[in-house]
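Read-outs throughout are calculated quantities, based only on the coordinates presented, and are distinct from any laboratory measurement. These figures come from a predicted structure and were not determined experimentally. Using ideal geometry, Cβ is built from the backbone for each residue, glycine included, and neighbour counts are taken over all protein chains shown.
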Amino acid sequence: MTDGPLIVQSDKTILLDVDHILSDECRRQIASFAELEKSPEHIHTYRLTPLGLWNARAAGLDAEHVIDILLKYSRFAVPHALLVDIAETMSRYGRLRLEAHPVHGLTLVSHDPAVLKEVTRGKKIAPMLGLQIDDETIIVHPGQRGFLKQALLKLGWPAEDFAGYVDGEAHEISLNQDGWTIRRYQELAAEGFWHGGSGVVVLPCGAGKTIVGAAAMAHAKATTLILVTNTVAARQWRDELLKRTSLHEDEIGEYSGSKKEIRPVTIATYQVLTTRKKGIYTHLDLFDAIDWGLIIYDEVHLLPAPVFRFTADIQSRRRLGLTATLVREDGMEGEVFSLIGPKRYDVPWKEIEQQGYIAPADCVEVRINLTDAERMHYATAEQEDRYRFCSTTETKRKVAIALARKHKDEQVLIIGQYIDQLDALGAELGVPVIKGETPIKEREELFNLYRAGEITCLVVSKVANFSIDLPDATIAIQVSGTFGSRQEEAQRLGRILRPKADGRTARFYSLVARDTVDQDFAQNRQRFLAEQGYAYRIIDADDIEDDIEDGIEDGIEDGIEENN
Amino acid sequence: MSSSFADALRARSDQEILRLFAARPDLLSPVPSDLSALAARASSMPSIMRARDALNKFEFDVLTAAATLADPFTQLELLRITDKSAKAVLATLEERALVYADGEKFRLPSNVRALIGENPAGLGPHSVQKINFDLLESAPQGALDVLNKMVWGPPRGQVADVKRANPTITWLLENKFLIAFDSQTLLLPREVAMHLRGGKVFKELQQSAPSVSGVARKQKAVDLAAIANISTFIRWSEELTHHWSDEPPTALRSGGLGVRDLKRTAEHLGVDETCAAFVAEVLFLGGLLVIDTDDQILPTSAFDLWLTKSSEDRWQSLVTLWLETSRVAGLVGKGDSKSVAALGPELDRAGISGLKRALLALLTTIPEIDPALTSLQERMKFEMPTRTNNEYITWILREAEWLGITGQGALSTFGRALITGGELGIERALPEPVDHILIQADNSAIAPGPLTLEIANEMGTLADIESRGGATVYRFTESSIRRALDHGKTGESIREFLKKTSKTPVPQPLEYLISDVAKRHGRLRVGHANSYIRCEDEGLILQITHDKNLEDLRLRKIAPQVLIADVEISELVVRLRDAHYLPAMENGTGILISAPAIRRAKSRPRPPRIITENTAPTEKIILAAVRALRAGEKATSHKPREVPRTTANETLDMLNQFIEEQASITIGYADSNGGVSNRLVDPLSISLGTLVARDHATGEIAQFRIPRITGVSPAQSAPSE
């Protein structure tokens, strides 16, 4: 019995004791083959998945190595069956290979005829394959590379892809580290991606994913297509690239609702790509417009279905997915991995926080007691109207206003789902409201004013959930959300995580009506952050006054400490 | 023959008899009365089969070779057709009385020959005529090919017609190299086969056990793996039992666990179905699970006792049973037509425990080796050629690994101690139980090791288990806290327990969760009452509650205007009236109902069965009856009287009654054409819709389908047979 930091569970999860002296060393070792599932304060959970093990094989690790690491760090005896399973799983990788044949183009090759037979008999796979050239080689229909890989993965026979990537049209891009330097983890992430070929990088909000993208472009030195969530984000990407790389304004194009520029580096929105005219996606040609050397998917967790399908077609191009929160309530995480590529880099949020690259945050759930009248109204409301009702009550509005007034000296964001509610808040506080119908131009102006500190409070709808960079926002007040969406909660917290000049702690208020579905949804929403180690405090709305006083002092003290 | 066998036994010294008993222990029970009795027993077929099963392949082959020789044979003859080394084997066989001496020569007990069969080692019958083997030199082309096809058995060949066979066959027949058995079958005489085999019975005579090869393992790693297996097995046992306690599966009608329940259980444990079936079987053996009277499969109180024992005792109690059982869990789900069920009646196989012991004993001789399956199977084939079964060996090894007798395929220290009877030392090797948990902000708690029983039980009610293994990951949810409150915990006691048990501070959201649920829990109260009293006059209600006359009704006030009672509504009304109140009854919707003037039972009429008694008949009737009887007698003097028809229920009742009384009865029994015949039978039992009874006509036990029984009457009324 060793006294290691790892506990290997029979359900293939691995628990890592963070307080153990060897935990750092051990974490680096297991990160290469196990996937980080959650990282709360004491025990981190990793999971052994076939995908993770195959990626480890692809990266050159063998089963022996993986088993050695587990045995070395494990606190208790590791179930033998699990070790056998690891060896078996890993041995499945590479028995099938995708190779570029000089005459026949893309071929599926295996030295194990039985395996080849097994997969070709699959109903889904057979139509993707052409003639069998010999016992070991079968032609793959052109354009099926992505689908075939996906289908093989589902069958449990992952194909090792030797067909390689196209280099794309070369275009000189380099990082312009003038007055700033790339951070260690950003560099590691970009390198991890480049060596893996394609894949997803997971970094917390505010940790500088754009820089990782820029560094990847500098590796590729080729034309790049960047897909982002909305036009505001597109402009931010452009500004950031101009600042951080050798690219000039005329090299970067915007492909959005308003502009349709195609340049060596083109930034397009998901929305424009998925616009349909008479049932046809008119803009998907963009993928073929230039011989792209790299395609970057920003906020890859939002990848819409048509782009999913199209991505399967472009498997020979390098693909980089960026996200902070790869959780989807629709359970499509796996699809992202199989189409874009495996997770290449992932760090716990709290670790980046410790390094000071994102602001520490204090998450507060404010429990609001509804009035008796409201409770009665809630009790008699139709099932489908209940969430809307309880999350937009009068009482909640009053609490939100009180909170906003309390923090009037700081940069405050009020975030919500229901436009009526937001309009009412905006009117009462006398601050602008940004919502879906607000023109892009006006949005940008308002954000600029906010960044400049001329406006200290903004009310925003879910259009500001992602990618909006507001460095000085320190207080977020969430009044309502998209039901139980975990990633929305995390992304909203992300809006206030840019490190503050004075090192102050950001604060995230989530207003929740007690004893209603609001509370149930809130619990699910908070789960992702809780798993990242963000412990929510719960306070009663009635206690707000006192708490805020204390909290502000705490925050300032924390800030001072860190500055020292 | 047997007399000389007995003589041979009589000639044995005490020592030799002792050795015979040691080698064939079945001869000892019961102890034979004299040597003739011993001879009879030792040459009986069952005993000889047991003795044969105890032979290894070499011994068995030599015995087979001996059977190719005619009695009596000499040692030299036997060695000539086998090998010189067979000398020692012959001695062994003689010691075991499978061969006995007749002067200088030897004989086989006739049952040994019967057991080995007509064609020992694939050899045909002796030739009655002398064969000139020199003729083979001049044999026609193809003749040798024909012989070579038959030489290693079976010594039989088919042709369309012996008389019109091709010239080669004809030549072989003419020269006695083949014998025509009938018009189509040809036999190869034993002498010819032996000549072609070069004088030896066997192509290769395997004389020593093949060595077992495998992968080398380090004992330390083996023990680590084994201890992981042991703790996993104990955990599976506990989990399966707890799971079935929550959701008991219902046993199949034929006994045993249904396929769907097995699948569900396997999913719960996170193992495959063969493993789940095995765990269930072992628990069933240990009496920790039982098929209850209502067909639910439930843990027994023995399980609760088992839980309190040390891990070592828990393991040992189950593994010992596994070693001894004749049930083969590997058969579950295997059957040909229908699948064999775990815990079902079809799993017993003779000889499995002997094979198990032999296999484990073999493992003790190859420490630090994970034997290759095929090499182990080869070895067992030599050690016990008639009893080994490759599939069973695979299963035994698999189960030994699950149990932790082996680790990484090699015998563990614990397994060795179990087999050789040393101190197990499992308790020391298992990780120390921990008495604390770590609670995290996401409402999960982790026990970083096996928990003490007390804390594990407590946590089991407080939280749901998310992941198991060396550690346990729990999650607190609203429903898990509610469950704890249902079990009589209070919000305060839960907080207290967590504070005491958790090494980390209890996160605030969890405290809120507990107090929120505790606050709401029990706000609605549900109870049981048979009747109620309601009255808008609260004073009157108060008066009733204080009425001495009504004290024993135990009326409970649940609201100022409502009382409830456990007595039936009619009784309550009567009592109230007796106490000079004026109650009125209302129905479920609050409408007054007037009291019924006449009382009627609520249940359906069920008049008792009428058992008719004969009233004294009038003389006229008797005379008429006698006349009719005579007439009938003449008309149907050969036809038995029909048994009075009874209804199916009456038939069953009466049959049961007669079974109890053990009386003979006559039944009317319809055949498939509807013709009714009378049978005189002794009823024995009723099962699955049939009457099992001894039929007087045949004297045999027969089954009668109850729906076909037209009537039953006591035997006296039946015509004499």
Chain B, relative contact order in percent, only Cα pairs under 8 angstrom and at least six apart counted: 7
Other-chain or far-sequence residues with amide H under 5 Å of residue A:358's (modelled H): A:353
Amide hydrogen neighbours beyond the local backbone of residue A:538, cut-off 5 Å, H modeled: A:365
Cα-centre dipole for region A:58-182 with unit charges at Cβ (Lys and Arg positive, Asp and Glu negative), debye to 20: 720
Relative contact order for region A:184-347, counting Cα pairs under 8 Å that sit 6 or more residues apart, in percent: 34
Residue order, fewest to most surrounding Cβ atoms within 10 angstrom, among A:447, A:310: A:310, A:447
Positive-end extreme of charge dipole, the protein assembly as shown - chosen from B:303, A:389, B:372 (charges on Cβ): B:372
Peptide-level mean, for B:400-412, of C-beta atoms on other protein chains within 10 Å: 1
Exceeding the 32 Å Cα-Cα cut-off - candidates A:12/A:124; A:12/A:149; B:105/B:163; A:343/B:334; B:130/B:203; A:38/B:499: B:105/B:163; A:343/B:334
The protein assembly as shown - share of DSSP beta bridges that are antiparallel (%, nearest 5): 60
Other protein chain Cβ atoms within 10 Å, averaged over every residue that makes up B:465-475: 6
Cα-based shape type of region B:462-510, given that a ≥ b ≥ c are square roots of the gyration tensor eigenvalues and the cut on a/c is 1.5: oblate
Simple Cβ-charge dipole of region B:636-717, Lys/Arg +1 and Asp/Glu -1, about Cα centre, in debye nearest 20: 300
Rounded tilt (10° steps) of B:491-501 against the dominant C-alpha axis of chain B: 40
Crossing angle, helix A:80-91 versus chain A [Cα axis fit, 0-90 degrees, rounded to tens]: 70
J(HN,Hα) series, region B:87-94, from Karplus relation 6.51 cos²θ - 1.76 cosθ + 1.60, nearest Hz, glycine and proline x: 4, 5, 5, 4, 4, 4, 4, 5
For region A:383-488: lysine pairs under 23 Å (alpha-carbon distance), excluding those fewer than 8 apart on one chain: 12
Charge dipole (chain B, unit charges on Cβ, about Cα centre) - positive-most of B:275, B:479, B:598: B:598
Derived scalar couplings ³J(HN,Hα) [region B:270-280; Karplus, 6.51 cos²θ - 1.76 cosθ + 1.60; whole Hz; x for Gly, Pro]: x, 10, 7, 5, 4, 5, 4, 4, 5, 4, 4
Test item: B:226-236 mean partner chain Cβ contacts at 10 Å: 3
Residues A:410, B:401, sorted so that the one with the fewest Cβ neighbours within 10 Å comes first: A:410, B:401
Chain B: angle of helix B:259-269 to the longest principal axis, Cα-based, in degrees nearest 10: 80
Dipole moment magnitude, nearest 20 debye, region B:440-520 about Cα centre, only Lys, Arg, Asp, Glu C-beta charged: 60
Vicinal HN-Hα couplings computed from phi for region B:111-127 (Karplus, 6.51 cos²θ - 1.76 cosθ + 1.60; Hz; Gly/Pro x): 5, 5, 4, 4, 5, 6, x, 6, 10, x, 6, x, 9, x, x, 5, 7
Residues whose placed amide H lies under 5 Å from that of residue B:466, excluding near-sequence neighbours: B:473, B:474, B:475
Order of A:90, A:376 - criterion: other Cβ atoms within 10 Å of each residue's Cβ, fewest first: A:376, A:90
Calculated [θ] (222 nm, deg cm²/dmol) that DSSP helices of n ≥ 4 give over the protein assembly as shown, each run adding -39,500 (n - 2.57): -12500 deg cm²/dmol
Selected from A:77, A:438, A:294, residue furthest toward positive end of dipole (chain A; charges at beta carbon): A:294
Mean Cβ neighbour count within 10 Å, used as a protection proxy, ranking A:212-225, B:302-315 highest first: A:212-225, B:302-315
Percentage relative contact order, region B:188-331, counting C-alpha pairs under 8 Å, at least six apart: 21
